[in-house]
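Q: Sharing a structure below in structure tokens format, with a few things to ask.
No lab work stands behind these numbers, since they all come straight from the coordinates. Keep in mind it's a predicted model, so treat the numbers as computed, not measured. Glycine also receives a Cβ, built like all others from the backbone with ideal geometry; neighbour counts cover every protein chain displayed.
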There are 2 protein chains.
Amino acid sequence: MNLIRIYECLCDETRLRILHLLAQGPLCVCYFQDILQLPQVAVSKHLAYLRERGLVEAHRHEQWKIYSLPEPRPKELDWQLRCLQDSVQTEEVFRADLRRLKNLQSECCWVAEALKQTGGSLGNKRNIGRTSKR
Amino acid sequence: MNLIRIYECLCDETRLRILHLLAQGPLCVCYFQDILQLPQVAVSKHLAYLRERGLVEAHRHEQWKIYSLPEPRPKELDWQLRCLQDSVQTEEVFRADLRRLKNLQSECCWVAEALKQTGGSLGNKRNIGRTSKR
DNA sequence: CCAGCATATACTTCAAGAAGAATATTCTAC
DNA sequence: GTAGAATATTCTTCTTGAAGTATATGCTGG
């Protein structure tokens with residue numbers, strides 16, 4: 001049954017962290033790398049796992065792949081997000097993720113400003129909006 | 001983290017069925033065997049799995065082991081029971097379980113009557129309240 | 001104490017999935 | 001079209017757990 005496939009997604013801390021972040025809004029893969037502080041391959045595989053089971057959606061925006069929660073949200077996912085929200089408030093890993101997300105988002109605002117000035121070219125966003133690991 | 005241990009419990013249809021049944025009230029192992037229509041060893045192992053992770057409790061009543069949901073119920077479990085309740089209504093496996101549970105419960109009422117007459121001796125309850133598989 | 005029922009544990013086999021390394025694909029800018 | 005960045009896939013190794021078989025434990029009634 002379908003519900004079990006959902007629960008299989010939730011048995012892994014990395015995937016819980018991903019869903020927790022996506023509950024705040026869409027995010028691109030490289031942001032996940034920075035926030036989760038995990039190697040690219042790990043992030044990519046967990047995202048693929050979630051995608052195959054319909055818990056996240058992806059679309060391309062220029063050279064980036066943006067992941068988000070599916071619309072409309074399956075009700076089972078909705079229950080789980082509520083449970084996560086309720087259970088995870090006190091967990092340091094998840095709080096730290098949110099902190100890193102906020103930091104990147106404030107950087108992003110600055111990026112957004114910069115973009116207006118450069119006429120919308122996102123070409124070097126990767127060098128502004130996030131710390132390159134390589 | 002603890003939440004993941006809970007989700008690991010929910011990745012298996014048999015365990016979901018067990019929790020779904022326990023949401024209706026406590027039940028002894030042999031009833032699970034009848035309702036789930038699974039071999040004793042399977043039932044016993046899944047119950048042990050749930051017990052180790054704190055999703056069910058067990059106590060002995062005469063020669064039977066009665067399983068129930070923990071009191072007080074952890075809030076994470078509560079969320080999951082609500083989700084189950086909401087998601088599983090239409091699933092035939094779960095509906096069939098409930099039907100078999102009701103049948104056994106009505107037999108049980110009859111057993112209760114019989115017991116009053118025998119002065120409370122439960123010695124042959126197993127031959128009345130459920131169909132012996134052996 | 002012994003038989004028999006109710007339940008649990010140990011052991012084996014098999015499949016799924018997590019992590020890491022290497023490599024492939026896709027897009028953009030020049 | 002070539003380089004380089006962003007992301008995905010493939011392959012290997014290791015661990016967990018599901019199912020089955022056999023066996024053990026614990027309780028009850030004689």
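Q: In peptide B:88-99, how many Cβ atoms from other protein chains are near each Cβ within 10 Å, on average?
A: 1
Q: Label-to-label distances across copies for A:Asp78, with labels 7 Å out along Cα→Cβ, in nm, shortest first?
A: Label-point distances to the other copies, shortest first: 2.1 nm.
Q: A further question follows. Report the net charge of residues surrounding A:Leu50, where surrounding means a beta-carbon distance below 14 angstrom and charges are Lys +1, Arg +1, Asp -1, Glu -1.
A: +2
Q: Karplus couplings for region A:62-73 from phi (6.51 cos²θ - 1.76 cosθ + 1.60, θ = phi - 60°), rounded to Hz, Gly and Pro as x?
A: Couplings: 6, 8, 10, 9, 9, 9, 8, 6, x, 10, x, 6 Hz.
Q: A further question on this structure: Taking all pairs of distinct Cα atoms, average 1/r, flip it, and tell me the Kirkwood hydrodynamic radius of region A:2-121 in Å to one decimal place.
A: Mean inverse Cα-Cα distance, inverted, gives 15.1 Å.
Q: A further question follows. Shortest first, in nm, what separates the label point of A:Arg51 from those of the same position in the other copies (7 Å along Cα→Cβ)?
A: 4.4
Q: I would also like to ask the following. When Cβ neighbours within 10 Å are restricted to other protein chains, what is their mean count per residue of peptide B:7-15?
A: Average per residue, whole number: 5.
Q: Copy-to-copy spacing for A:Lys102, label 7 Å out on the Cα-to-C-beta vector, in nm, shortest first?
A: With the label placed 7 Å along Cα→Cβ, A:Lys102 yields 5.2 nm.
Q: Would you mind counting up the charge near A:Arg5? Only other residues with Cβ under 10 Å from its Cβ, with Lys and Arg at +1 and Asp and Glu at -1.
A: Surrounding charge for A:Arg5 is -2.
Q: Between the alpha-carbon centers of region A:1-65 and region B:25-93, tell me the distance in whole angstrom.
A: 31 Å
Q: Moving to a separate point now. Taking amide hydrogens as modeled 1.01 Å from N in the peptide plane, which residues meet the under 5 Å criterion relative to A:Val56, leaving out close sequence neighbours?
A: A:Arg51
Q: Run the numbers on region A:2-121 and let me know its relative contact order in percent, using alpha-carbon pairs under 8 Å that are six or more apart.
A: That works out to 28 percent.
Q: Just need log10 I(q)/I(0) for region A:41-82 at q = 0.21, 0.23, 0.28 Å⁻¹, Debye formula, equal scatterers on the alpha-carbon atoms, no solvent, rounded to two decimals.
A: Results for region A:41-82 at q = 0.21, 0.23, 0.28 Å⁻¹ read -0.72, -0.82, -1.02.
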